[in-house]
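Notes follow once the structure below has been shown.
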Amino acid sequence: MQDQIPVTVLTGFLGAGKTTLLNRILTENHGRKFAVIINEFGETGIDNDLVTQADEEVFEMNNGCICCTVRGDLIRIIGGLMKRKGLDGILIETTGLADPAPVAQTFYVDADVAARTRLDAILTVADAVNLATHLDESHEAAEQIAFADIVLLNKTDLVDAGALAAVEARLRAINPTAKIIRTARCDVDLDQVLGLKAFELDRILEIEPDFMEGDHAHEHDDGVTSISLHSDVPMNPDAFQKWFSTLLRTQGQDLLRSKGIIDMAGEDERYVIQGVHMLMDGNHMGPWPEGKKRETKLVFIGRNLEAMNLREGFEACKAA
Amino acid sequence: MTILDPVQRETDPTAIEAVGRYFICDAVPTGLVAVGDTVVAGFGDGQIRIFRPDLPMQEVPAHGGAVLCLARHGASVLTGGDDGRVLLVDIAGNITELAAYGGRWVDCVAAAKNGTWAASVGKTAHVCDSEGRTHALDHPSTVGGMAFDRRGERLAVAHYGGVTIWTRGRRDWKASTLKWAGSHGAVTWSPDNRFIVTSMQENALHGWRLRDKADMRMSGYPTKVKSIDWVGKNPHLASSGAQEAICWPFDGANGPMGQRPLMLCHDGDALATAVVGLPGHDALLTGFENGVVLFSELDPIADPRVIKRRSGAAVTHLMVTPDAGWMLAAAEDGLVLWAPLGRAG
C-alpha cells in the first residue's frame, strides 16, 4: 500500500493572498513536490506542469444524501495525479464563492480518493483589512472561517492593533478551534501550514490546550456560530451514540465541523471524534493521561445551532 | 524472482511465468492496447512501453506528465496525456501528433474501425473523421468515458447524469441521451451494439437496452468497478470490483435483467482488480489486488489456474493479444508480466 498523499484545501476570498501563498509553495526551494489544483489559470499567473485546473463540478451521490455531494472534478484530477510518482502533497485552491463542504466530503465519500490521499487541513486565508466586510456581505466568508483548521490572517501590517483584535475576536466567535497565524504577505513557515494532519484523531487531542475554556456558546449575526459543551460527569455510551448519530443524520447539513473528546462511562480510553457535516470519524485513542482529569469536551460549528437543542441533548447523555 | 513476495519465492513459477518475462517499470500503468502480437502500454511517467514476442521491451517517451488514456486506432494506438496532446503511436514506436489542446488534460480517447477518432478535454469531445473533418461535441459535465459502436457510426459519451449517444449525420453529429443519476465513467457497447454499459462512481455498473432505453442496474459490488471486458461467444460482461470476476450474461434479449451473473475465480478474500477476455475463447483472466492472476473458462464449475503468483501490488491492467497468443499483466507498482499463453499448454 502506498502512503496516502496529504491534501491541503486552500480557501479564502479573492485578494486575501491565496495566490501569494501558492506562488511561494510552487517556487520556493523546499525540496518537496506539490501538485496544485486551481480554479483559473489566469488568476494565479503561474506556469508549471504540476498545476491543473478544476471545474467545480459538484456531484450528488445516488443515496440522495445532500451531505454526500462530492467534487467530481477533484475525483478525476486526483485519479490523474496518482498516476505520477513522487508527489509530496496536493493543494486545492477553491474560489471565494465555492462551498468547501463538497471538497472536504470528497475525501471521505470517494473510496479511491480516500485510499490514495488524506485530507491534511483546510487552510483559509483571510485578509485582516477586508474580512469584516466580507463577513457582513456574504455567508460564504463565515463558512470558510468555520471550516478552517488554520486561518492565515494576512495583511496584518495594514491594520492597527485594535482592528486586528476585533477581527480575531470575530474569527474566534465563528471558529474557536482553528489555529490563527498572523502574517503580512503570507510570510509563514510552510511547515506551519502543510503536513499538519489536522483531520487525524490524535491531532484533536493535541489541540486540546486551547480547545475551549468551559461552557460557552457564541452568538453571531453571520448565521454561522459555534457551541462548546463540557461535562465532568461521564457520558452514557449508548445514550451518547444514539443522540450523536441522530444529530448527524438529521442536522448534518447544518453542522459544518465538529470535534470532541468524550469520557464514556465504564470505558478506560478516551473516545475522540471529528467530522465534516454528517461524515464522522470516531475512535478510542488510548487511556486518559495519568493525573489528568477525565472530562468531555465537544465543539460544534454550524448554522442554526440554537434550534438543535444541543445543550439539552448533551445533558441528557450524562451517565446517571 | 526477488520481485515476488517472500512466501511466493518458495513456490515454483507457474507454467506461464516459466515461459514469460517480468519487467520492472518504475511507473504506474495507465492503459494497455493490443495490436497484432504486440501490446502497447501507457504509463504515468509519460512513457509508452511496447512489448513484442521475443524482442526487448521498447520505451518511447510520448507525453510530458502522464499518459492518461489509450485506444486502438487501426494498426496503431491513440494516446492522450496531461500535456494536452493526442498522439498516434505505431507498434514500431513512431509518434505523430494528431492534436494539441493547450495544456488541458486529454482524459479519454476512442477510435472506430472506419478511422474516426475522438479525444475528450473537459466537457468537450473532439471528433475527427477519416477525412479530417472535426466536430466539438459538448456535454453538461466532464467526459468520463467514450466508446464508438462497432461500425463507428455512433459515439457513446459517459458523464455525470448518464450517457450521450452521438449519431453521425450527413453534416453533423446528433445527440440523444440515456439518463441515470450519478457519475458515469468508462462506457462500452455490447458486441451486438444493442446494449450500453457504464461503470459508475458508485460501486455499480449501469446498462441501457438501446431499443427502449430500459435501465439495467448491476450493483452489489463491494468496491468500484475499474475494469470491464466482453468475454465469450455468447457475450458476458466480466467486471472487477468483487472477490470474483462478476460476469453478467448478455446472451438473451433482455441482457442481464432478471439473471444472476456468473462468479468466476477467487483468491481468498482478495478483490478482483482487472479482467480481460481471451479473444475467440469462452475464457478470461482475472487479476487481483494481491498481484495474482487466474485463468478460468467461462463456466461456474471450471477450475481456475494460476497464471501469475502473488506480488506486492494490485494487478490493474490485463491484456490478451487478438489471437490469444500472448498476455500482459501490469501491476500498480510497475511490475509487468509478458508471456505467451499458447506455449504453456
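Structure above, values below:
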{"quantity": "Using θ = phi - 60° and Karplus 6.51 cos²θ - 1.76 cosθ + 1.60, couplings along the range A:108-114 (whole Hz; Gly, Pro as x)", "calculated": "9, 8, 8, 5, 5, 4, 5"}
{"quantity": "Net charge over other residues, Cβ less than 10 angstrom from the Cβ of A:Leu119 (K, R count +1; D, E count -1)", "calculated": "-1"}
{"quantity": "Solvent-accessible surface (1.4 angstrom probe) belonging to B:Leu88, in square angstrom, nearest 10", "calculated": "40 Å²"}
{"quantity": "B:Asn193-A:Thr250 pseudo-label distance in nm [points 7 Å out on the Cα-to-Cβ vector]", "calculated": "5.6 nm"}
{"quantity": "Radius 11 Å from Cβ of A:Gly302, net charge of other residues (Lys, Arg +1; Asp, Glu -1)", "calculated": "-1"}
{"quantity": "Probe 1.4 Å - accessible area at A:Glu28, Å² to nearest ten", "calculated": "80 Å²"}
{"quantity": "Karplus-derived HN-Hα couplings along the range B:142-156 (A = 6.51, B = -1.76, C = 1.60, θ = phi - 60°), whole Hz, x at Gly and Pro", "calculated": "4, 5, x, x, 9, 7, 7, 6, 5, 9, x, 8, 10, 10, 8"}
{"quantity": "Relative contact order (%) - criterion: Cα under 8 Å, at least six apart; region: chain B", "calculated": "14 percent"}
{"quantity": "Contact order relative to length of the range B:221-338, as percent, for alpha carbon pairs under 8 angstrom and 6 or more apart", "calculated": "19 percent"}
{"quantity": "Simple label model, 7 Å out from Cα along Cβ direction - A:Ile180 to B:Thr167, nm", "calculated": "6.4 nm"}
{"quantity": "More than 23 angstrom apart: percent of Cα pairs within chain A", "calculated": "57 percent"}
{"quantity": "Those lysines that a straight Cα-Cα span of less than 18 Å connects to A:Lys293, excepting residues fewer than 8 apart in one chain", "calculated": "A:Lys318"}
{"quantity": "A/B buried area, accessible surface, summed, 1.4 Å probe, Å²", "calculated": "2100 Å²"}
{"quantity": "Long-range lysine pairs (8 or more apart or interchain), the range A:5-199, Cα under 16 Å", "calculated": "4"}
{"quantity": "Euclidean distance between Cα centres, the range A:283-320 to the range A:74-148, Å", "calculated": "27 Å"}
{"quantity": "FRET efficiency, B:Leu55 to A:Thr20 (Cβ-Cβ, R0 56 Å, nearest 0.05)", "calculated": "0.60"}
{"quantity": "Using a Förster distance of 45 Å, the FRET efficiency for B:Thr96-B:Lys233 (Cβ separation, nearest 0.05)", "calculated": "0.80"}
{"quantity": "Percent of C-alpha pairs per 5 Å bin, the range B:170-247, short to long", "calculated": "3, 14, 26, 24, 18, 9, 4, 2, 1, 0"}
{"quantity": "Calculated from backbone phi, Karplus (6.51, -1.76, 1.60) coupling profile of the range A:115-126 in Hz, x at Gly/Pro", "calculated": "6, 9, 9, 9, 5, 8, 6, 9, 10, 10, 8, 10"}
{"quantity": "Loop-resident sites, the range B:231-330, for trypsin sites (Lys or Arg not before Pro), counting at most 14 other Cβ within 10 Å (DSSP)", "calculated": "B:Lys233"}
{"quantity": "Charge sum, other residues only, whose C-beta stays under 14 Å from B:Pro300's C-beta, Lys/Arg counted +1 and Asp/Glu -1", "calculated": "-4"}
{"quantity": "Whole-number Å³ per residue for the convex hull built on Cα positions in the range B:148-284", "calculated": "101 Å³"}
{"quantity": "Under 5 Å, built H, 5+ apart or other chain: amide partners of B:Gly144", "calculated": "B:Ala158, B:His159"}
{"quantity": "Pairwise label distance in nanometres, A:Asn283 with A:Asp160, each label 7 Å out on the Cα-Cβ vector", "calculated": "5.1 nm"}
{"quantity": "Inverse of mean 1/r across different Cα pairs in the protein assembly as shown, Kirkwood, Å", "calculated": "26.9 Å"}
{"quantity": "Paramagnetic label zone (point 7 Å from Cα along Cα-to-C-beta, A:Thr27; backbone N under 14 Å) in the range A:166-196", "calculated": "A:186-187"}
{"quantity": "Delta accessible area of at least 40 Å² on complex formation, residues of the range A:68-95, 1.4 Å probe, chain isolated as reference", "calculated": "A:Arg76, A:Lys83, A:Arg84, A:Lys85"}
{"quantity": "Computed over chain A: relative contact order in percent, which uses C-alpha pairs under 8 Å that are six or more apart", "calculated": "17 percent"}
{"quantity": "Sequence of A:Glu290, B:Glu244 when ordered by accessible area, the most exposed leading, probe 1.4 angstrom", "calculated": "A:Glu290, B:Glu244"}
{"quantity": "Value of [θ]222 nm, deg cm²/dmol, for the protein assembly as shown, DSSP H segments ≥ 4, -39500 (n - 2.57) each, nearest 500", "calculated": "-4500 deg cm²/dmol"}
{"quantity": "Percent accessible area from carbon and sulfur atoms, chain B, protein chains only, probe 1.4 Å", "calculated": "49 percent"}
{"quantity": "Amide H contacts under 5 Å for B:His317, placed H, 5+ residues apart", "calculated": "B:Ala330"}
{"quantity": "For the protein assembly as shown: accessible area per residue (Å², 1.4 Å)", "calculated": "40 Å²"}
{"quantity": "Other protein chain Cβ atoms within 10 Å, averaged over every residue that makes up A:176-183", "calculated": "0"}
{"quantity": "Accessible heavy-atom area order of B:Thr167, B:Thr142, highest first, probe of 1.4 Å", "calculated": "B:Thr167, B:Thr142"}
{"quantity": "Accessible-area ranking of B:Arg52, B:Arg211, A:Arg32, largest first, probe 1.4 Å", "calculated": "B:Arg211, A:Arg32, B:Arg52"}
{"quantity": "Amide hydrogen neighbours beyond the local backbone of B:Ile307, cut-off 5 Å, H modeled", "calculated": "B:Val293, B:Leu294, B:Phe295"}
{"quantity": "Global geometry of the range B:80-172, whether rounded, prolate or oblate, following the gyration tensor of its Cα atoms and the 1.5 cut on a/c", "calculated": "oblate"}
{"quantity": "Carbon plus sulfur fraction of accessible area for chain A, probe 1.4 Å, in percent", "calculated": "48 percent"}
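The values are calculated or read from the model by the stated rules, or taken from the named source; none is laboratory data. These numbers come from a predicted model, not from an experiment. Note that each Cβ is placed from the backbone with ideal geometry, even for glycine, and that neighbours are counted across all protein chains shown. Quick note on the areas: whole protein, heavy atoms, side chains included, nothing else; ligands and nucleic acids left out. Shrake-Rupley method; radii C 1.70, N 1.55, O 1.52, S 1.80 Å.
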